[in-house]
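In what follows, a structure is listed as structure tokens, so that the remarks can point back to it.
The values are calculated or read from the model by the stated rules, or taken from the named source; none is laboratory data. Computed from a predicted structure; not experimentally measured. Backbone-built Cβ (ideal geometry, glycine too); neighbour counts: all protein chains shown. Areas reflect the complete protein model, heavy atoms only, side chains present, ligands, DNA and RNA absent. Shrake-Rupley method; radii C 1.70, N 1.55, O 1.52, S 1.80 Å.
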Amino acid sequence: MSPWRREGGWLVGANVAQQALGVVVLLWLARNIAVDDWGRFALDAAVLGLVATFATARLNVLAVASSDAVWEGGLAQRVIAAMRTEAAAMLALGAAALVVLDRLELGPTLLVVGMAARHLAQQTRAVSERRGRFAPLARRETAALIGGHAAAIACVFAGRPELALYLREAVLGLALAALLLPSLQRAGLVPRAAWLLGPRRFLDLAAHNPAAWLDGILEQVFERVLVLVAGGVAGATGAGLFAQARGLAFRPHQLASPLTNRLSLGWLGRTPDAEERRRAVLTVARRAALPLGGVALVTALAAPAAVPWLLGEPWREAGRALAWMAGFAGGVTLLEFAKAALLVEGRVGDLARVRLAQLAGLGLGLASLAVLEPVAALGAALSMATLAAVGSAYRRLAS
């Protein structure tokens, strides 16, 4: 068995275990945390995520896709220093946002710390992924996730359910950093590098990664704005319902994400022939289309009854919204796989066109606000946006 297949097996197996555990914990937390509290967390995460978006250049893509000669020729030290700079900037910008918005409270502060620590760990792990070493990452990521879930459950039992989601993010991020970063250092995968990079050198480095930087900004803005719109039209309750529905719709993709994101990015980055890359992506997409269509169909038919039965009656509207997100549930995996190929090829213009198609689909979908409840209408808009982006992405790849 090849090392990539063996290590990839660890990653896929750990991901399945993580998702199974996540579903069990979700069922319990959803019945013990009020919809409004879930919504307030979602709104805080959206605002802080929006602020943090502009502090990251997605350098993990550059780290994974770079050739060994370029990486070992000085790029590694600059990328590691830039990743640390991003985490520091996220802390500073997040704290400033909390002060400006008068949200300098325990929950949002925990969220800022967790987001920065998690970002640093997840970016730095790319130095292991570029070598195909996924097994140590998978074990440590699973341990960190268990710690985060345990903290949330303990918080509910302690009588503070409104803080449970914030605490989970903080413990998950800090545990991930504590478990991953020293192990990567001991393995000699993280080179000695400066702790911070100046603004000019950071921007110069980001300019080597324009496709991933632009796509990352547009993607994060898109996702965060949808949650904020849900909060704007339906308050914290609407934000909680939308965030829960979107999280459930994203679950099938999370099962496939090791293949469509982490493993595929490494393989595509080391396949020099552009035509071979495109043929492989189009072949996998054709084979995946039918089962993903089945995911969409099951989501549309089962969600309205299944969600309130599993999560409780307060989440009934989330079930209706999830049904309208069927296109997102079935399409996001195809979209991410196509984007990985476009990112590796550095096709900035094509990625921008995919995002424009996504926005056009969103605009058409928002017309459903005239006939649907606000949260369900946003779900329909998300589906139309995703399907429009999928169509655009594969047209670009096939051309």
* Asked: In segment 99-206, what percent of the accessible surface is made up of carbon and sulfur (1.4 Å probe, ligands and nucleic acids excluded)?
  -> 62
* To do: Specify which residue in the list 91, 69, 35 is farthest towards the positive end of the charge dipole of the chain, using unit charges on the beta carbon of Lys, Arg (+1) and Asp, Glu (-1), about the Cα centre.
  => 69
* To do: Calculate the all-directions average of the projected area of the chain's alpha-carbon convex hull, and give it in nm².
  => 18.7
* What residue among 382, 351, 371 has its Cα farthest toward the positive end of the dipole of segment 341-399, where the charges are +1 on Lys, Arg and -1 on Asp, Glu, each on the Cβ? -> 351
* Square roots of 5 times each gyration tensor eigenvalue, C-alpha, segment 35-121, largest first, Å -> 31, 12, 9
* Which shape class, rounded, prolate or oblate, goes with segment 153-197 when its Cα gyration tensor gives a ≥ b ≥ c as root eigenvalues, a/c under 1.5 marks rounded, and past that a/b bigger than b/c marks prolate? -> prolate
* **Extended-chain gain in nm, criterion 0.36 nm per residue less alpha-carbon gap, residue 398 and residue 367** => 8.1 nm
* To do: Using only Cα atoms, locate the centre of segment 357-391 and the centre of segment 79-124, then give the distance between them in Å, rounded to an integer.
  => 31
* How high is the relative contact order of segment 76-150, in percent, counting Cα pairs under 8 Å that sit 6 or more residues apart? -> 31
* Asked: How many nm is it between the label spots at residue 251 and residue 298, if each spot is 7 Å from the Cα in line with the beta carbon?
  -> 1.0
* Rounded, prolate or oblate: which one fits segment 279-360, using the alpha carbon gyration tensor with axes a ≥ b ≥ c (rounded when a/c is under 1.5, else prolate when a/b beats b/c, else oblate)? -> prolate
* When ligands, DNA and RNA are left out and all protein chains stay put, how many square angstrom of accessible area per residue does the chain have with a 1.4 Å probe? -> 43
* Dipole magnitude (debye, nearest 20) for segment 31-88, charges at Cβ of Lys, Arg, Asp, Glu -> 20
* How about segment 59-165: which GluC sites (Glu not before Pro) there are in a DSSP loop, with at most 13 other Cβ atoms within 10 Å of their Cβ? -> 105
* **Cα gyration tensor shape for segment 92-205, rounded if a/c is under 1.5, else prolate or oblate** => oblate
* Starting from the Cα-Cα distance between residue 233 and residue 109, subtract it from 0.36 nm times their residue separation and give me the gain in nm to one decimal. => 42.1 nm
* With a point put 7 Å past each Cα toward its Cβ, work out how far residue 284 is from residue 313 in nm, to one decimal. => 4.6
